[in-house]
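The values are calculated or read from the model by the stated rules, or taken from the named source; none is laboratory data. Bear in mind that the values here come from a model prediction, so they are computed numbers and not experimental data. Cβ placement follows ideal geometry from the backbone for every residue including glycine, while neighbour counts extend to all protein chains displayed. Note: areas computed on protein heavy atoms with side chains; ligands, DNA, RNA excluded. Shrake-Rupley method; radii C 1.70, N 1.55, O 1.52, S 1.80 Å.
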Amino acid sequence: MDKRAHWQNIYQTKNSKDVSWFASHLTQSLEFINKAGLKNNDPMIDVGAGASTLVDDLLEQGFTKLTALDISSESLEMTRRRLSHEARKIEWLTGDITEMELPKNYYKLWHDRAVFHFLTQREDKEKYKRALRESLKPKGYAVIAAFSLEGPEKCSGLEVVRYSPETLSKELGAKFKLLEASTDFHKTPFGTVQAFMYGLFQKF
């Protein structure tokens, strides 16, 4: 099963609240986004948005230029249905981030909770990083969350790469400065705990 089919199948067969990564609110993501000090009309992209409630909370805060991207059209449709008429305020993109053509120097903030750690091949990592570098404005911010060194070795049946603040910073390269890092112990709907490493980076 290819990547797209894998994630489509998950969202076609499971409720959005019954997957291990579900959280009613992405508290740590919101904290780091707010630390970036963005204006309400600064463009933001949520990579791997899925059926996450992040866009709901960002709309609630008054942000007006939000893009939600995911490889699974089914997951984005779940979010559109949940948002109802508010969904028209979001730009929806379906595709694999390693294959997408995004606008150059456009986004002020890039958010990714649990996409980058699924990229185990060097070629895919390089494509992701190129998309990040080219689409993010100079002095823009990236909030990236991946499983920490204490986190799971697999998720949804797939291998992951675990990161520390130092290894993720090294992976992103010299154009990105790590401003702050933290560990988030995510409690899954099944009662288990997953350790995420969050990094707030700025592009230079």
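Determine the distance separating the Cα centre of the stretch 40-60 from the Cα centre of the stretch 65-84; give it in Å without decimals. Here the two parts' Cα centres lie 10 Å apart. In this calculation the C-beta distance from LYS125 to SER24 is compared with R0 = 25 Å, giving a FRET efficiency of 0.25. Helical runs assigned H by DSSP (4 residues or longer) give the chain a calculated mean residue ellipticity at 222 nm of -8500 deg cm²/dmol, each run adding -39500 (n - 2.57) before division by the residue total.
Coordinate range of the alpha-carbon atoms in the stretch 87-153 per principal axis, descending: 36, 27, 26 Å.
Close amide H pairs (under 5 Å, H built 1.01 Å from N) link ALA49 with LEU69, ASP70, residues at least 5 positions away or on another chain. Between GLN202 and THR13, the modelled labels are 4.6 nm apart [label points 7 Å from Cα along Cα→Cβ].
What's the magnitude of the charge dipole for the stretch 83-138 around its Cα centre, counting Lys and Arg as +1 and Asp and Glu as -1 at the beta-carbon? Answer in Debye, nearest 20.
It comes to approximately 300 debye.
Counting only protein heavy atoms and using a 1.4 Å probe, the accessible area of PHE185 comes to about 140 Å². Normalised per residue, the accessible area of the chain is 48 Å², obtained with a 1.4 Å probe and no contribution from ligands, DNA or RNA.
According to the Cα-based calculation, Rg over Rh for the stretch 1-109 is 0.95, with Rh computed by the Kirkwood formula.
Taking a point 7 angstrom from the Cα of LYS3 along the C-beta vector, which residues in the stretch 117-137 have backbone N less than 17 Å away? Counting only backbone N, you get 117-135.
Ordering GLU74, GLU134, GLU166 by accessible surface, largest first, gives GLU166, GLU134, GLU74; the 1.4 Å probe counts only protein heavy atoms, with every chain in place.
For the stretch 1-30 versus the stretch 108-164, the inter-centroid distance based on Cα atoms is 16 Å.
Charge dipole (Cα centre; +1 on Lys/Arg Cβ, -1 on Asp/Glu Cβ; no other charges) of the stretch 32-118 amounts to roughly 360 debye.
For the stretch 104-179, a simple Cβ point-charge model (Lys and Arg +1, Asp and Glu -1, everything else neutral) yields a dipole of about 540 debye relative to the Cα centre.
Please work out the FRET efficiency for the pair LYS89 and THR188, using the Cβ-Cβ distance as r and a Förster radius of 30 Å; give the result to the nearest 0.05.
E(calc), rounded to 0.05, equals 0.50.
Modelled spin-label separation between ARG81 and ASN41, with each label point placed 7 Å from Cα along the Cα-to-Cβ direction: 3.5 nm.
With the charge dipole of the chain set up from +1 on Lys and Arg Cβ and -1 on Asp and Glu Cβ about the Cα centre, the Cα lying farthest toward the positive end among the listed residues ALA174, SER20, ASN9 is that of ALA174. Potential lengthening of the chain between LEU149 and GLU99 amounts to 15.2 nm, from the contour at 0.36 nm per residue minus the alpha-carbon distance.
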